[in-house]
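Q: Pasting in a structure now, in structure tokens, and then I'll have a few things to ask.
The values are calculated or read from the model by the stated rules, or taken from the named source; none is laboratory data. Just so it is clear, the structure is predicted and the values come from calculations on it, not from any experiment. In this analysis, Cβ positions are derived from the backbone assuming ideal geometry, glycine residues included, and neighbour counts consider all displayed protein chains. Heavy atoms of the whole protein, side chains included, go into the accessibility calculation; ligands, DNA and RNA do not. Shrake-Rupley method; radii C 1.70, N 1.55, O 1.52, S 1.80 Å.
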Amino acid sequence: MGYSDQRFDVNLSILFTELPLLERPAAAAAAGFTAVELWWPWIETPTPAQAELDALKKALDDAGTQLVGLNFYAGRLPGPDRGALSLPGEESDRFRANIDVAADFAASVGCKALNALYGNRVEGVEPAVQDELALENLVLAARAAHRVGATLLIETLNDTESPLYPLVSAPAGIEVVDRVNEATGLGNATFLLDLYHLSMNGEDLSQVIKAYAAKTGHVQIADNPGRGAPGTGSLPLERLLDELTEAGYDGWVGLEYKPGDRPSAESFDWLPAGDRPGHRPAR
């Protein structure tokens with residue numbers, strides 16, 4: 001087992017950001033990867049012009065890269081925002097305007113996972129009001145994802161870097177997953193298990209894996225401390241990924257780490273080139 005037994009994809013919203021968006025798929029391919037993921041690339045708008053969507057699709061296709069994960073509109077990310085779907089008013093409206101745009105783009109490139117970041121708590125708004133709005137919007141998102149044959153991902157973050165974000169534990173994320181599935185009856189809401197964020201929250205990662213692997217739709221990794229590449233911190237990432245495999249998870253593992261003070265292409269020295277294409281080797 002080990003890293004060679006995993007299917008890795010590169011998050012192009014945190015790696016290769018030294019390049020323009022449309023050049024990043026080719027850069028990932030040049031580094032040996034065939035799969036990528038993205039936060040919503042158009043921070044300023046939930047509804048970019050069709051020409052911009054088409055240009056991104058062409059860049060992915062030309063590079064021979066498969067988009068395996070995409071965020072719905074999440075506000076200013078990177079930046080102070082952590083999603084829009086629980087924010088009453090304009091941001092919720094923007095999220096709703098984005099739902100079908102994101103789902104249709106995902107369908108056009110064969111992406112099967114759509115991540116819906118919950119959003120920060122808002123001063124002066126009761127948490128229960130935000131949670132009710134969040135459920136309404138997540139139901140809409142789950143139905144749109146189902147329409148295009150995709151899963152809906154619910155992500156927990158860490159309270160050090162995202163102190164206003166309410167989902168800062170695995171149980172909190174799973175509770176939302178279960179609530180959405182109960183409301184829709186579709187069963188396509190799943191947990192985005194991010195080992196970096198969970199470790200920052202001090203959770204028992206092995207226990208989280210045992211408890212929630214069956215409800216996990218996507219995994220992301222970075223080392224801790226520092227959110228760098230595997231080996232730059234102290235997390236036993238190779239062992240933890242083995243535990244996920246043993247628990248039945250066979251999906252993608254997103255590389256969502258910071259390259260540090262070097263070009264992104266040089267941050268993959270922990271992973272042999274032959275293990276980078278997005279295929280699972282025969283056992």
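Q: Looking only at segment 40-195, where both bridge partners belong to it, what percent of the DSSP beta bridges are antiparallel (to the nearest 5)?
A: Numbers: 1 of 10 bridges.
Approximately 10 percent, going by the DSSP bridge assignments.
Q: Please pull out the direction-averaged projected area of segment 27-105, using the convex hull of its alpha-carbon atoms, in nm² to one decimal place. Mind dumping the intermediate values first?
A: Details: hull surface 22.0 nm².
Computing the convex hull of the Cα atoms and averaging its projections yields 5.5 nm².
Q: Carbon and sulfur atoms: what percent of the 1.4 Å accessible area of segment 65-134 do they account for?
A: 51
Q: Please give the peptides 40-46, 236-242 ranked by average Cβ packing (other Cβ atoms within 10 Å per residue), highest first, as a rough proxy for protection. Write out the running numbers ahead of the final one.
A: Working: 40-46: 16.0, 236-242: 18.6.
Result, highest mean Cβ count within 10 Å first: 236-242, 40-46.
Q: Expressed as a rounded percentage, what relative contact order does the chain have, with Cα pairs under 8 Å and six or more residues apart? Please list the in-between numbers first.
A: Numbers: 572 pairs, mean separation 60.1, N = 283.
Dividing the mean separation by the residue count of the chain yields 21 percent.
Q: In the calculated pair distance distribution of segment 52-174, what percentage of Cα-Cα distances lie above 21 Å?
A: Tail fraction, whole percent: 40.
Q: Taking all pairs of different Cα atoms in segment 167-217, averaging 1/r and flipping that mean, what Kirkwood radius in angstroms comes out?
A: Computed over segment 167-217, the radius equals 11.2 Å.
Q: What dipole magnitude, in Debye to the nearest 20, does segment 2-154 give about its Cα centre under +1 on Lys/Arg Cβ and -1 on Asp/Glu Cβ?
A: 340
Q: Also: So, counting K/R as plus one and D/E as minus one, what does the shell of residues with Cβ under 15 Å around Ile99 add up to? Walk me through the intermediate numbers first.
A: On the way: positive: Arg94, Arg96, Arg143, Arg147; negative: Glu91, Asp93, Asp100, Asp104, Glu136.
That works out to -1.
Q: Give me the one-decimal Kirkwood hydrodynamic radius in Å for segment 125-259, with the sum taken over alpha-carbon pairs.
A: Answer for segment 125-259: a Kirkwood hydrodynamic radius of 15.4 Å.
Q: When ligands, DNA and RNA are left out and all protein chains stay put, how many square angstrom of accessible area per residue does segment 225-283 have with a 1.4 Å probe?
A: 50
Q: So how far, in whole Å, is the C-alpha centre of segment 78-100 from the one of segment 217-283?
A: Here the two parts' Cα centres lie 29 Å apart.
Q: Note the listed values (i) 27, 23, 18; (ii) 69, 16, 15; (iii) 30, 22, 19, then indicate which one is semi-axes √(5λ) of the Cα gyration tensor in Å calculated from this particular structure.
A: Only one option fits the structure, namely (i).
Q: Considering only DSSP beta bridges with both partners in the chain, what is the antiparallel share in %, to the nearest 5?
A: 5
Q: Sort 110-122, 201-213, 70-82 by packing, meaning the average of other beta carbons within 10 Å per residue, with the highest value first. Each step should come with its number before you reach the end.
A: On the way: 110-122: 23.0, 201-213: 16.6, 70-82: 19.3.
Final packing ranking: 110-122, 70-82, 201-213.
Q: Leaving out same-chain residues fewer than 8 places away, which lysines sit with a Cα under 28 Å from that of Lys57?
A: Counting by Cα, and skipping residues close in sequence, Lys57 has these lysines nearby: Lys112, Lys258.
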